[in-house]
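J.: Here it is, the structure in full.
The values are calculated or read from the model by the stated rules, or taken from the named source; none is laboratory data. Keep in mind the model is a prediction, meaning the values are calculated, not measured. Every residue, glycine among them, receives a Cβ derived from its backbone with ideal geometry; neighbour counts consider all protein chains shown.
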Amino acid sequence: MRIGPVAAAFAAAALLLTSCATPGAGDVGGPEQNILVVTTPTEPDSLDATNANNFAARLVFTSFCEKLYDVDDRLNIVPQLAAALPTVAADGKSLDIPIRPGVTFNDGTPLDAAAVKETLDRHRTLPTSARKNELSAIANVSVRDPMTVHIELKRPSAPLVAQLADRAGLIMSPTALHKLGDDFSTDPICVGPFTYSGRLSGSEIQFTKSDYYYDADKVKLRGIVYRFINNSGVATANLQAGSTQVAEHLDPSDALKLQAEPDARNRVLRSDTVAYQSIHINVRPEAGTPLSKSVDLRRAFEMSIDRNALNKAVWNDQNVVDCQPLPVQSALHSDVNCTPYDPEGARRIIAASGLPTPIPVELMVLTGSAPQREAQVIQAMANDVGFDVSVKPLDQVSALKLARSGDFDVYLQGWSGRVDPDGNTNDLVTTGGSNNFNGLSSPELDSLVQRAGSTNVPDQRRELYAQVIRQVADTHALLYLYHNRWFVGANKNVQGIEYYPDGIPRFKTAYFTH
């Protein structure tokens, strides 16, 4: 009798939580100082808006670096540093963005059209920029008048405004850019409710209330500290002990534990997010692995994964199982045929390959209890059909470096999701995309993605993205698992947190009650 791979892996994974120790809380923060301490499981890779590329950076930017646009609680795009939505030319190939008047950067210098142009040009041209693909439709940025930016496009771009509501729309102080250049991240200056005051690598980043913020009356905190704790159980323990006041990105099991507290010292905020989890399989010819060489073996690997059982075993059935990157909230989401869970079929494919079994696979995952639990369940499922999966845990910065260089076999990776479907496809599946970790390269796929982003007709976009998803599915190089439901634990005396479906909690209006 074969032992169920999910049950065995989940039992083993539970051992990860038994050896965790709660780190010292330090002497910065807390309600007595009116400084909010927030834990998050990963550390920002960079505080330079041009180069930053992980979710932790997106979270931290909300406190000190605002964008031209943002989203509201229904994922509508709304002005932030822009004074209004863009005025778009009739042919769709240019637009004007009015800039909010009376705004200053946190170094006291004014925000104007010239400052916006400088940041957008840097995003588009800096060799290390992670924003290039996001802004690839832009041909030129100019200053129409002191408070209006004019953007000329190579082609109509439906996703552009959504990109400007994300990191591509983050605007940095020209004075700081001129002073620091490539070292901007060491002392970043933007427009925001808080301003950077220090960073202890691997531990925390500190911010203090800005003296220059245009909306300062809404900011009640004296400061905010982001502390990095990659174990959800440890973060929960810190919250329960009162050494921190907010714990971002809790595992569902820990969120349920907080909800069941008898004295209700804490509460749980929930977001059905646009994020998703996926598996990247390296298909570059030089990878030289069994999976890179054979689409049939990649299909067998996908057939070995029971998405529903994975969701139940690791996430208490809290996520939305799906096999495509478009969020279920999107009007462009369409049904696609998923590769079915079929372990017997996977065994037949492996047997027909003629390769010695078990077939080796190295699965790269992020450090932390939840990713490793998930990796162990996938490992057990795949090993059950004839693979030999070894798990390689790495910190996020190291994992991204290997992923971008193509120096990996299989990578279990989450994507925090974007409001517009282009942000969930373009940079991840097109040739040369900075987040195209698996090395997909198809002129037909590239053309489909570009066409989908060049039309504003919903039915046309929906069909084009359906074709994109089907083509990616046929490669079995990028396996989508589910869309995330995320949880934030917060002390009951912390109010004013905004938590939207983009999965990013905002603390601009947070405050302590007594």
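J.: Quick check: anything in the range 459-469 of a type in the set (Val, Ile, Thr), closer than 24 Å to Tyr341 by Cβ and in contact with a strand residue (DSSP E or B) (Cβ under 6 Å, 6 or more places away or on another chain)?
T.: Within the range 459-469 (the criterion being of a type in the set (Val, Ile, Thr), closer than 24 Å to Tyr341 by Cβ and in contact with a strand residue (DSSP E or B) (Cβ under 6 Å, 6 or more places away or on another chain)), the answer is no, since none of the residues qualifies.
J.: Same structure again: Considering Gly489, Gly496, which residue is of a type outside the set (Ser, Thr, Tyr), in contact with a strand residue (DSSP E or B) (Cβ under 7 Å, 6 or more places away or on another chain) and surrounded by fewer than 22 Cβ atoms within 10 Å (Cβ to Cβ)?
T.: None of the others qualify; the one that does is Gly496.
J.: I've got another one for you. Any idea how many residues of the range 488-511 are of a type in the set (A, V, I, L, M, F, W, C) and closer than 20 Å to Ala241 by Cα?
T.: Residues that pass the stated criteria total 3.
J.: Does Val37 meet the test of being modelled with pLDDT of 95 or more and more than 17 Å from the chain's Cα centre (by Cα)?
T.: Against the criterion (modelled with pLDDT of 95 or more and more than 17 Å from the chain's Cα centre (by Cα)), Val37 qualifies.
J.: Another one. So Leu95 ticks every box in (1) among the aliphatic types (A, V, I, L, M); (2) part of a strand (DSSP E or B); (3) over 17 Å from Met147 (Cα atoms) but one. Which box is left unticked?
T.: With (1) among the aliphatic types (A, V, I, L, M); (2) part of a strand (DSSP E or B); (3) over 17 Å from Met147 (Cα atoms) applied to Leu95, the lone miss is (3).
J.: Here's a follow-up. Here are the criteria: (1) over 30 Å from Phe512 (Cα atoms); (2) in contact with a Gly (Cβ under 7 Å, 6 or more places away or on another chain). Tell me which single one Cys323 does not satisfy.
T.: (2)
J.: Across the range 234-266, what is the total count of residues that are touching a residue at least 40 places away in the same chain (Cβ under 8 Å) and either under 21 Å from Gly29 (Cα atoms) or of a type in the set (Lys, Arg) (or both)?
T.: Qualifying residue count for the region: 18.
J.: So for the range 110-131 (the condition being of a type in the set (Lys, Arg), buried (at least 20 other Cβ atoms within 10 Å of the Cβ) and assigned to a strand (DSSP E or B)), does at least one residue qualify?
T.: No, the range 110-131 contains no residue that is of a type in the set (Lys, Arg), buried (at least 20 other Cβ atoms within 10 Å of the Cβ) and assigned to a strand (DSSP E or B).
J.: Of all residues in the range 130-148 being modelled with pLDDT of 95 or more and not hydrophobic (A, V, I, L, M, F, W, C), which is nearest to Asp45 (Cα to Cα)?
T.: Among those that are modelled with pLDDT of 95 or more and not hydrophobic (A, V, I, L, M, F, W, C), it is Asn140.
J.: With respect to the numbered conditions (1) at pLDDT below 90; (2) buried (at least 20 other Cβ atoms within 10 Å of the Cβ); (3) among the aliphatic types (A, V, I, L, M), which one is the sole condition not fulfilled by Ala7?
T.: The single condition Ala7 does not satisfy is (2).
J.: Without any contact (Cβ under 8 Å) to a residue 60 or more places away in the chain and assigned by TED's automatic domain parsing to the domain that holds Asn282: which single residue out of Glu374, Glu344 fits that description?
T.: Result: Glu344 is the single residue among Glu374, Glu344 that is without any contact (Cβ under 8 Å) to a residue 60 or more places away in the chain and assigned by TED's automatic domain parsing to the domain that holds Asn282.
J.: Yes or no: Val219 farther than 24 Å from Asp502 by Cα, in the same structural domain as Tyr500 (by TED's automatic domain parsing), of a type in the set (Val, Ile, Thr) and in contact with a Pro (Cβ under 8 Å, 6 or more places away or on another chain)?
T.: no
J.: In the range 444-488, how many are assigned to a helix (DSSP H, G or I) and either without any contact (Cβ under 8 Å) to a residue 12 or more places away in the chain or not aromatic (Phe, Trp, Tyr) (or both)?
T.: Matching residues across the range 444-488 total 27.
J.: Which of the residues belonging to the range 132-174 are of a type in the set (S, T, N, Q) and either surrounded by fewer than 15 Cβ atoms within 10 Å (Cβ to Cβ) or closer than 18 Å to Pro79 by Cβ (or both)?
T.: Residues of the range 132-174 that are of a type in the set (S, T, N, Q), as a first pass: 133, 136, 140, 142, 148, 157, 163, 173.
Of everything in the range 132-174, those that are of a type in the set (S, T, N, Q) and either surrounded by fewer than 15 Cβ atoms within 10 Å (Cβ to Cβ) or closer than 18 Å to Pro79 by Cβ (or both) turn out to be Asn140, Ser142, Thr148, Gln163.
J.: Can you go through Tyr213, Tyr226 and tell me which one is buried (at least 19 other Cβ atoms within 10 Å of the Cβ), among the hydroxyl-bearing types (Ser, Thr, Tyr) and touching a Gly at 6+ places or on another chain (Cβ under 9 Å)? Full working, then the answer.
T.: Numbers: Tyr226 fails: touching a Gly at 6+ places or on another chain (Cβ under 9 Å).
None of the other options fit; the residue is Tyr213.
J.: How many residues, within the range 72-123, are free of Cβ contacts under 8 Å to residues at least 12 places away in the same chain and closer than 26 Å to His178 by Cα?
T.: Qualifying residue count for the region: 1.
J.: Scanning for something farther than 26 Å from Thr208 by Cβ and crowded, with 22+ Cβ neighbours inside 10 Å, does the range 84-97 turn up at least one residue?
T.: yes
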